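These notes concern the structure reproduced below.
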Amino acid sequence: MKLYAERLPTAIRQLLTDIIIVVWVYLWIRAGFWVHGMVEKLAVPGQKLQSAGGGIADNLADAGSKVGKVPLVGDDLVKPFNGAADAARSLADAGAQQQQIVDQLALIMAILTLAVPLALVLFLWLPFRLRWMRRAGVASSVRREPAGRDLLALRALASQPLNELAKLGPDIAQSWRNGDAEAVDALAALELRKLGLSASGRRR
């Protein structure tokens, strides 16, 4: 399997494309983290609510325990403090729940930010790149064999544009059927050139 073409213009184009894709993915990952951080800021009120509610609940519970020590009326006096402490704890729980919701929302928004760009890379660019690598690797391994060059010539006849085939001569198909070595070599070279490979295997 070949990573890059042998013909310099094609190899440079592939390298630049790969670099652009890497930078593209990196920037979108950074964008995902940025979105996550921005949404996480919505959790600040919940944090303050949890902290304030917890602090008030602790203070009320402490005051209630002290009031409860008052002789005769202590039990009656402590009930309002305990009720207020429970209400404060409810506020603290509400703040904690808000933080959980914001955390989940931040994760979902970050994933949505990354989903489309990464899908484009995984389902459009990557299959195209792997397909070229596979085809170029096979073509590179068979180009020096007579049977392999014949297969490359057949591939060229089947897939190359008619105007490209016409440049090789009006009877190129008939010449290939007759086993003309020059026609086979010309067609094989055309297919290799399409893949960015040279007939000799040397970088150009």
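Throughout, read-outs are computed from the coordinates displayed, never taken from laboratory work. A quick note: this is a predicted structure, and the numbers were derived from the prediction, not measured. Glycine gets a Cβ as well: all are built from the backbone with ideal geometry, and neighbour counts include every protein chain shown.
What 222 nm value per residue comes from the helices of the chain, counting each DSSP H run with n ≥ 4 as -39,500 (n - 2.57) and dividing by all residues, nearest 500 deg cm²/dmol? Walk me through the numbers before you get to the answer.
Values: 8 runs with 160 residues, N = 204.
Dividing the helical sum by the residues of the chain leaves -27000 deg cm²/dmol.
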When the chain is treated as a GNM, springs tying every alpha-carbon pair under 10 Å, which of Trp28, Trp176, Trp132 comes out with the largest mean-square fluctuation? Trp176
Just Lys194, Lys167, Lys48 to compare: in a GNM of the chain, with alpha carbon springs under 10 Å, which one fluctuates most? Lys167
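Which number gives the lysine pairs in the chain that have C-alpha atoms under 20 Å apart and are eight or more places apart or on different chains?
Working: Lys2/Lys194; Lys66/Lys79; Lys69/Lys79; Lys167/Lys194.
Number of lysine pairs found: 4.
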Amide H within-cut-off set for Lys2, under 5 Å, with H built and near neighbours excluded: Gly137
Just how many % of Cα pairs in the range 143-204 lie over 16 Å apart, if you round to the nearest whole percent? 35
Before anything else, pin down the relative contact order of the chain: Cα pairs under 8 Å, at least 6 apart, normalised by residue count, whole percent. 29
Put in order of increasing Cβ neighbours within 10 Å, starting from the fewest, Glu164, Glu6, Glu40 give Glu164, Glu40, Glu6
